[in-house]
Each structure stands twice: as C-alpha cells, then as structure tokens.
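Beneath this line is the structure, given in structure tokens, with notes to follow.
The values are calculated or read from the model by the stated rules, or taken from the named source; none is laboratory data. Just so it is clear, the model here is predicted, and its values are computed rather than measured. Quick reminder, even Gly has a Cβ in these numbers, built from the backbone with ideal geometry, and neighbours come from all protein chains shown. Side chains are part of the model used for accessible areas, which takes the heavy atoms of the whole protein and leaves out ligands, DNA and RNA. Shrake-Rupley method; radii C 1.70, N 1.55, O 1.52, S 1.80 Å.
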Amino acid sequence: MIRFSDAGLQAFQRERARLAKPALGVQIAFAYGCGGAGFRVTFTDDPTDHHTVQEDRGVRLWLDSQCTAGLDGAVIDHDGTGFVLRHPDAAIVEFC
C-alpha cells in the first residue's frame, strides 16, 4: 500500500483546497522514456487507465497494474519545496 507522510498529506490537503477540487487524488502510472523506466505521478480528479484504487486518510490513489505491487510500501512526502515519492527499494521521484 502507498501512504502519505504527515507532511505530504498536509501539503496535498492545502493544494486540494487551493484548487477547490474536493475529489482530487493522486494517479500513478509506470512510464518508459529515454532515460529508462520510472513513474508518472499526477494530481487529478479524472483518472485514466487505472486498475487499482487505494485510499489513505481520505485521499484516493489510482494505480495502473504495473505500479500496484512495485510501489508497495512507498510514501508520498513533501520536502518543503515539492512533493516526492519515496520507496525503500527505488530512487526518489519528484513531482508537482
């Protein structure tokens, strides 16, 4: 399961309120690119191509099939300048 850190959740809730989108959640998809494979993380209230829905403290997380097992244990955090996806077995992914 993916979860939010306390700082990540607070920052996300502020962003959701600022945008006035109470249904805003996080969509995570596996992505291939010139630099190799990674994850695309976006905020959305209109998810596409998701197979699994998780929820952490009132925030929906939509995952494609390749992310479900691979990101188990990941944490969405906020480091004071932006959001990051942290996983004990992978590099940090910065987003938004």
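Quick one: which residue in Arg40, Arg18, Arg60 is without any contact (Cβ under 8 Å) to a residue 60 or more places away in the chain, open to solvent by 30 Å² or more (accessible area, probe 1.4 Å), out of contact with any Asp or Glu (no Cβ under 8 Å at 6 or more places or on another chain) and not in a strand (DSSP E or B)?
Arg18
Note down all Cβ pairs under 9 Å where the first residue falls in segment 72-88 and is basic (Lys, Arg), the second is in a loop (DSSP other than H, G, I, E, B) and open to solvent by less than 60 Å² (accessible area, probe 1.4 Å), and they're at least six residues apart or on different chains.
What qualifies is Arg86/Ser5; Arg86/Ala74.
Scan segment 30-75 residue by residue and report those that are modelled with pLDDT of 80 or more, hydroxyl-bearing (Ser, Thr, Tyr) and touching a His at 6+ places or on another chain (Cβ under 9 Å).
Matches in segment 30-75: Ser65 only.
Count, please, the residues in segment 21-37 that happen to be in contact (Cβ under 8 Å) with a residue 12 or more places away in the chain and closer than 25 Å to Gly80 by Cα.
Within segment 21-37, residues that are in contact (Cβ under 8 Å) with a residue 12 or more places away in the chain and closer than 25 Å to Gly80 by Cα number 8.
Only residues that are open to solvent by 20 Å² or more (accessible area, probe 1.4 Å) and part of a helix (DSSP H, G or I): list them for segment 1-15, please.
Asp6, Ala7, Gln10, Gln13, Arg14, Glu15
Conditions: (1) in a helix (DSSP H, G or I); (2) out of contact with any Ser or Thr (no Cβ under 6 Å at 6 or more places or on another chain); (3) open to solvent by 20 Å² or more (accessible area, probe 1.4 Å). Gly73 meets all but one. Number of the miss?
Of everything listed in (1) in a helix (DSSP H, G or I); (2) out of contact with any Ser or Thr (no Cβ under 6 Å at 6 or more places or on another chain); (3) open to solvent by 20 Å² or more (accessible area, probe 1.4 Å), Gly73 misses just condition (1).
Looking at Gly80, Gly8, can you tell me which residue is at pLDDT 90 or above and at positive phi?
After applying the criteria, what remains is Gly80.
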